[in-house]
Amino acid sequence: MKAHVHVTLKTGVLDPQGKAIQHALAALGFDGVEDVRQGKFIELKLAETDAEKARASLDEMCRKLLANTVIENYTIDLVEE
Amino acid sequence: MKAHVHVTLKTGVLDPQGKAIQHALAALGFDGVEDVRQGKFIELKLAETDAEKARASLDEMCRKLLANTVIENYTIDLVEE
Amino acid sequence: MTDTLSITPELVAEHGLTNEEYELILSVMGREPTITELGIFSVMWSEHCSYKSSKVWLKRLPTKAPWVIQGPGENAGVIDIGDGDAVIFKMESHNHPSYIEPYQGAATGVGGILRDVFTMGGRPIANLNALRFGSPDHPKTRHLVSGVVAGIGGYGNCVGVPTVAGECTFHPAYNGNILVNAMTVGLARKDRIFYSAAAGVGNPVVYVGSKTGRDGIHGATMASAEFTEDSEEKRPTVQVGDPFTEKLLIEACLELMAEDAIVAIQDMGAAGLTSSSVEMASKGGVGFELDLDRVPQREENMTPYEMMLSESQERMLMVLKPGSEAQAEAIFRKWDLDFAVIGRITDTGRLTLKHEGEIVGDIPVAPLVDKAPEYDRPWEPTPPAPALHPGDVPAPRSLGDALRTLMGCPDLASKRWIWEQYDHMVMADTVQRPGGDAAVVRVHGTTKGLALTTDCTPRYCKADPVEGGKQAVAEAWRNITATGAKPLAITDCMNFGNPERPIIMGQFAGAIQGMAEACTALEFPVISGNVSLYNETNGEAILPTPAIGGVGLLKDIDCMVTIALKTAGDWLYMVGESAGHLGQSLYLREVCGREDGPPPPVDLAIERRNGDFVRSAIENRQVVACHDLSDGGLLVAAAEMALAGDLGFDLDADWGSLPDHAALFGEDQGRYLVEVSEGEAFEAAARAAGVPVKRIGFVGGDTLNRGGERLISLAELREIHESWLPNYMENA
Amino acid sequence: MKSAVIVFPGSNCDRDLAVALEKVTGFRPIMVWHGEADFDKVDLIALPGGFSYGDYLRAGAMAARSPVMKEVVKRANRGVPVLGICNGFQVLTETGLLPGALMRNANLKFVCKDVWLKVERTDTIFTNRYARGQVIRIPVAHHDGNYFADADTIRRIEDNGQVAVRYCDADGSFSPASNPNGSIGNIAGIFNEAGNVLGMMPHPERLIEPALGGADGRGFFESVMQELVA
Ligand SMILES: Nc1ncnc2c1ncn2[C@@H]1O[C@H](COP(=O)(O)OP(=O)(O)O)[C@@H](O)[C@H]1O
Ligand SMILES: [Mg+2]
């Protein structure tokens, strides 16, 4: 089973990277970029075949390692192969 | 208009971050994680309202800045608000 | 006032204010405060900003010397190092945020202390960090070490300031409350120092740097509240650092400082806009009128309360000379930073806040600062530990094994894994890298050098706060001396538990007393510092930890020595005397499994005499390598010198009636181990100075020997010493 | 000899590089701000280390798109010597002047320490003062120094002799332990095909005098000097 995890900064948390990208895009002449936020995209391949179990385990992975829940949110998507 | 850009490493390009995550998950006792790849997830807010124009402009942003096409691929999704 | 929210007892309590403190606020204001005003009082009167428990004690520290330009009371202290050069430095804690979010907590700690230094006009030239973690066995420790080290490196490396020294030790007392103390050293011209006292009615008040968000609101009060298990719920109060913006801010501020435009400047640290504006106004005896609508904002619909209490990073507040706005703005725009005139100086002596056309706060500045509560809290001295005689401590089964245990224990194992994650060479002036007694950074473009160190032995402070306080200062002084430099001044970071407990307050009082005695005797004044109290989790206090950051001056870096052994055939001498003091020693803890006895006493007169002698012997080039004796004692120091120089030795000394293990592992103070080529001349100099020295061995070979008998090979010792930390961190 | 040091927002080895150039060559370089579209004619263009734009997004990515780099690329293509150190190397790969990419270090950690390097080519403007196969000691300080290129590219740069320096042991042999970041083929620095552009992760400007612990880094600057003044 494959899973996609998105880890993004909580609203209100400063995103220096996003800010810098926005700025760089403007300098390159791209107008009208009103906001940029950068997050992480993690693709996992799991041996688990049961969707419910996979989701529970991914949730634990996110809380324990993949996301820093102090400042980040995460979402989990299971992808059929 | 909002857009989601995913920037991922090309197959065959070694991914130290993904490897490290996989290793750390195993150390935390998560079995059966067969592969991990880490990429970037960039959310943009654009003034542009025309989907086609937005897509063209995003494609250029990716080629010019957001992705390094020597090692990375990208995908663009427009998201309705 | 339109801010209509009425102030309930619950709101008062949530702001960490006692009923008496709230009564005082009512009497200062003569009316019920608005919520914004209440927030301002709460942060200004928090332990963190007001030093309400520690002030009475801090006054006892000596702060003067002919070379001190600015002592405590400004953003950082300043000393004169000759030739028109001045050194600006300070240390600060970021303990609680680092426990909650180790990477960002540590990173923003570095960012904050950097701002304290460049706000005074100093270009930051070195960072140091003093770290205390819980037991390596504790489930959180590894994660905390990893995050804190990455955060310190992540920030310092990016801004391009070398992180050159520090310390890192472990003890279960820090399991629930680690210590992250960061120090910055900056360099300025003596006649170009900037201060925070605002002046000039009508002058513009200018905001520069990053935009304000809702970061760390209540951060300042959080840093003063004791931890409880559920405090992890307070997490979103942690801020994210932006070292790139900080780098731009450094360059922009220094560029503007080269012009004649700034009246006063102050960084926005804890309690951001509130503490910076209140401090500037109070020091200058003026009022501030701020128009909050002009504050650059990152978020929509920010309230005055949020703007005043936000702890967004990378921001500064300045008062400019009239007419300099355009010049200043051009510089900040060039560096892509926000710039906004947000108010002006008034003659009202009040902090007046406007928002959307209304006045939302109006507080008299003088009482806000002067009436801040000040407590002389009850305190109890720490009872003295029963004496421990060398004879009461068993000898090890084998000297070699005891050395193995010590050199591989968490506190003594090499910290290379840490400092290799720090860029310790950027700026290309690091002439003594991490790993020795003090790092040495060259004063750019000269042959002068600054010797930098942080020190403290918390287990000594716990057993006897007075001796421990003395020892922390003495060790910093000794580490600087061991490079050949003259110690000039210190900064401190006083990390203690809950001051409302008399035993903790007694630790604080004792440490201050010991530090004050040492500073006086060694002419090593305190020029800046920081207090971090309430370092407790569920009633368990940390070890009392008065971390000392020391700075010394080498007139010529050509005269500097390192700890590395240099030449086979040279002599090893011990300077000072050994009584074989094993109380609170690492030998006792690591080899015998006990933590008892009194710490080694510090005789300050002897300390000074021995140190002054060692320094002169280095200057006369009689000493080619030098290491002070501290944790682990003589044999550990000798082993560290051997590893650094990749040369072995034989210690063939006879100690008379003193047991060998007491002589080799005792932690008596005021001692140095030196490598000398010309023994006779050195002994004659020592005799003339009235300093006891003892020839204890010679340099050579690739093994460490005791009286001709091999203890361990250099190769094995290196493996033991270097592998503990990487193995611990990487084999989770 | 006239040289230019390009300064990006966030560069932090610009002063170090300028000082080294001046100390070794006797000529003080001009400092060129990233926003300049043009600058004086110079004999050498040097891109310093540091964290241009904080290394946000990717190390060197934003700097590579700054106005001054258009001019640098133009001159490099005309044969002007260009030296990129650390972040400068990352910028050069991001502009495409040098092949490949510099990825996060294999162990994910920033690394600052002296490393041994084997000088692979000595017939170039940047390395003529070293002996072929000479082992030198120079510090690295980076988070993203893990050199990567696809197999074809690696083959091509190896065949062309574009590898300038490789991480090695003190005795000149190659081992995984001597590789501080996981770079393919222990590659620490490469030339472009024409040989006038060199990018390298190690910092020669940090080791140019005994007071700093050694002078092995001088050779790079002395080589350019020799070439240009001769
Ligand atoms: N956190 C750290 N950051 C940088 N350097 C460190 C750190 N911890 C230890 N070091 C370095 O390791 C060496 C040994 O540290 P320590 O045992 O505390 O020295 P000493 O006992 O002489 O005070 C010193 O050079 C010190 O600067
Ligand atoms: Mg020492």
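Among all residues of segment C:410-419, there is at least one that is surrounded by fewer than 18 Cβ atoms within 10 Å (Cβ to Cβ) and either under 30 Å from C:Ser275 (Cβ atoms) or within 12 Å of chain D (Cβ to nearest Cβ) (or both). The set of residues in segment C:149-176 that are within 21 Å of D:Cys13 (Cα to Cα) and within 16 Å of ligand 2 (Cβ to nearest atom) comprises C:Val164, C:Ala165. Residue-level check: of (1) at the interface with another protein chain (Cβ under 7 Å from one of its Cβ atoms); (2) surrounded by fewer than 22 Cβ atoms within 10 Å (Cβ to Cβ), A:Val33 misses just (2).
So which of C:Gly510, C:Gly514, C:Gly468, C:Gly449 is more than 16 Å from ligand 2 (Cβ to nearest atom) and within 23 Å of C:Pro162 (Cβ to Cβ)?
C:Gly449
Selection of segment C:556-581 for residues being in a loop (DSSP other than H, G, I, E, B) and within 16 Å of ligand 2 (Cβ to nearest atom) yields C:Met560, C:Val561, C:Ile563, C:Ala564, C:Leu565, C:Gly576.
Checked against (1) surrounded by 24 or more Cβ atoms within 10 Å (Cβ to Cβ); (2) within 14 Å of chain D (Cβ to nearest Cβ); (3) in contact with an Asp or Glu (Cβ under 7 Å, 6 or more places away or on another chain), C:Thr447 meets all criteria but (1). For A:Ser57, the conditions (1) surrounded by fewer than 22 Cβ atoms within 10 Å (Cβ to Cβ); (2) without any contact (Cβ under 8 Å) to a residue 24 or more places away in the chain; (3) more than 8 Å from chain B (Cβ to nearest Cβ); (4) more than 21 Å from B:Val7 (Cα to Cα) are fulfilled apart from (3).
Of the helices (runs of 4 or more DSSP H) contained entirely in segment C:17-130, those carrying at least 1 residues that are surrounded by fewer than 18 Cβ atoms within 10 Å (Cβ to Cβ) and basic (Lys, Arg) fall at C:55-58. Surrounded by 15 or more Cβ atoms within 10 Å (Cβ to Cβ), within 24 Å of A:Leu9 (Cβ to Cβ) and within 11 Å of chain A (Cβ to nearest Cβ): is that true of B:Ala24 in this structure? Judged against the criteria, B:Ala24 is a match. Taken across segment C:562-584, residues that are out of contact with any Ser or Thr (no Cβ under 9 Å at 6 or more places or on another chain), away from ligand 1 (no atom under 16 Å from the Cβ) and acidic (Asp, Glu) do occur, with at least one present.
The condition of being touching a Ser or Thr at 6+ places or on another chain (Cβ under 8 Å) and among the aliphatic types (A, V, I, L, M) holds for only one of C:Ala516, C:Ala472, that being C:Ala472. Considering segment D:9-24, the residues that are in contact (Cβ under 8 Å) with a residue 60 or more places away in the chain and not polar (S, T, N, Q) include one that is surrounded by the fewest Cβ atoms within 10 Å (Cβ to Cβ), namely D:Lys23. The residues of segment C:133-178 that are away from chain D (no Cβ under 14 Å), hydrophobic (A, V, I, L, M, F, W, C) and within 16 Å of ligand 1 (Cβ to nearest atom), listed by number, are C:Phe133, C:Leu144, C:Cys168, C:Phe170, C:Ile178.
Looking across segment C:424-444, just one residue is in contact with a Ser or Thr (Cβ under 7 Å, 6 or more places away or on another chain), away from ligand 2 (no atom under 16 Å from the Cβ) and more than 9 Å from chain D (Cβ to nearest Cβ), and that is C:Val441. Within segment C:619-641, can one find any residue that is within 16 Å of ligand 2 (Cβ to nearest atom), within 14 Å of chain D (Cβ to nearest Cβ), over 18 Å from C:Gly576 (Cα atoms) and not in a strand (DSSP E or B)? There is no residue in segment C:619-641 that is within 16 Å of ligand 2 (Cβ to nearest atom), within 14 Å of chain D (Cβ to nearest Cβ), over 18 Å from C:Gly576 (Cα atoms) and not in a strand (DSSP E or B). Among the residues of segment D:35-54, those identified as modelled with pLDDT under 95 and within 14 Å of chain C (Cβ to nearest Cβ) are D:Gly35, D:Glu36. For B:Leu65, the conditions (1) more than 10 Å from every other protein chain (Cβ to nearest Cβ); (2) without any contact (Cβ under 8 Å) to a residue 24 or more places away in the chain are fulfilled apart from (1). Considering each of C:Glu300, C:Glu279, C:Glu289 in turn, give the residue that is within 14 Å of another protein chain (Cβ to nearest Cβ) and within 27 Å of C:Gly216 (Cβ to Cβ). From the options C:Glu300, C:Glu279, C:Glu289, the qualifying one is C:Glu300. Of the residues screened, A:Glu48 is one that is within 7 Å of chain B (Cβ to nearest Cβ), in contact with a helix residue (DSSP H, G or I) (Cβ under 6 Å, 6 or more places away or on another chain) and acidic (Asp, Glu). Each residue in segment C:317-353 was checked for being of a type in the set (S, T, N, Q) and within 29 Å of C:Lys247 (Cβ to Cβ), and 2 pass. Can you spot a residue in segment C:388-410 that is within 16 Å of ligand 2 (Cβ to nearest atom), farther than 30 Å from C:Leu533 by Cβ and at pLDDT 95 or above? Yes; the residues of segment C:388-410 include at least one that is within 16 Å of ligand 2 (Cβ to nearest atom), farther than 30 Å from C:Leu533 by Cβ and at pLDDT 95 or above.
Of the residues in segment C:535-546, none is part of a helix (DSSP H, G or I), away from ligand 1 (no atom under 14 Å from the Cβ), more than 20 Å from C:Leu704 (Cα to Cα) and under 28 Å from the mean Cα position of the chain (by Cα).
When C:Ala541 is tested against (1) more than 16 Å from ligand 2 (Cβ to nearest atom); (2) crowded, with 24+ Cβ neighbours inside 10 Å, only condition (2) is not met.
Counting only strands (runs of 3 or more DSSP E) that sit completely within segment C:647-732, those holding 2 or more residues that are within 16 Å of C:Ser578 (Cα to Cα) correspond to C:672-676, C:693-699.
Anything in segment D:106-116 that is part of a loop (DSSP other than H, G, I, E, B) and either at the interface with chain B (Cβ under 7 Å from one of its Cβ atoms) or aliphatic (A, V, I, L, M) (or both)? List them, or say none. D:Ala106, D:Leu108, listed by residue number. Checking the stated criteria, C:Pro367 turns out not to satisfy the condition of being in contact (Cβ under 8 Å) with a residue 60 or more places away in the chain, of a type outside the set (D, E, K, R) and buried (at least 17 other Cβ atoms within 10 Å of the Cβ). Among the residues of segment C:453-464, not a single one is under 30 Å from C:Arg189 (Cβ atoms) and either away from ligand 1 (no atom under 13 Å from the Cβ) or surrounded by fewer than 24 Cβ atoms within 10 Å (Cβ to Cβ) (or both). Scanning segment C:476-507 for residues that are at negative phi and within 16 Å of ligand 2 (Cβ to nearest atom) turns up C:Ala476, C:Trp477, C:Arg478, C:Asn479, C:Ile480, C:Thr481, C:Ala482, C:Thr483, C:Ala485, C:Pro487, C:Ile490.
The values are calculated or read from the model by the stated rules, or taken from the named source; none is laboratory data. Not measured: the values here are computed from a predicted model. Here Cβ is always computed from backbone atoms with ideal geometry, including for glycine, and neighbour counts include all displayed protein chains.
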